């Protein structure tokens, strides 16, 4: 995945490279003179309307992330690597937001073994407390 290509996520969301708005700035933090002269911090902004995906996935993305999504990265000293990290972050965010909600849990009865273990534990605790009482 390179920053100049269209982005396709594992859930089938497609973002054209022309829909991605890149901006660059100088990174903060340590780095010596290189920080003062290179713009390695990368920011990526994408409008959800510019994505190609199902309507259900689009609604889930908007509910989770909003109408526009902005991702910023400045961990690397390389602008190219920071752009790739932005795309990776965006892909993970979109896939997580577009995922359908998990199926509801079906209630089940406890197994016979778990019921017996619970009752046995209660019985032992009861006997323990009964033995602590002083005999009058």
Hey, can you tell me all the residues within the stretch 73-96 that are in contact with a helix residue (DSSP H, G or I) (Cβ under 7 Å, 6 or more places away or on another chain) and within 22 Å of residue 17 (Cβ to Cβ)? 73, 74, 76, 93, 94
Candidates 57, 99, 63, 103, filtered to the one that is farther than 19 Å from residue 25 by Cα, surrounded by fewer than 12 Cβ atoms within 10 Å (Cβ to Cβ) and in contact with a helix residue (DSSP H, G or I) (Cβ under 9 Å, 6 or more places away or on another chain): 63
Regarding residue 135, is this residue at pLDDT below 95 and under 30 Å from residue 48 (Cα atoms)? no
One residue is enough: does the stretch 19-34 have a residue meeting the conditions in a helix (DSSP H, G or I), modelled with pLDDT under 90 and out of contact with any strand residue (DSSP E or B) (no Cβ under 7 Å at 6 or more places or on another chain)? yes
Counting only residues in the stretch 36-53 that are in contact (Cβ under 8 Å) with a residue 24 or more places away in the chain and not in a strand (DSSP E or B), the one surrounded by the most Cβ atoms within 10 Å (Cβ to Cβ) is identified as 40
Which condition number does residue 94 fail, the rest of (1) assigned to a helix (DSSP H, G or I); (2) in contact with a strand residue (DSSP E or B) (Cβ under 6 Å, 6 or more places away or on another chain) being met? (2)
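The values are calculated or read from the model by the stated rules, or taken from the named source; none is laboratory data. What you are looking at is a predicted structure, and each value in this text was computed from that prediction instead of being measured. Methodologically, a virtual Cβ is constructed for each residue, glycine included, from the backbone with ideal geometry; neighbour enumeration extends over all protein chains shown.
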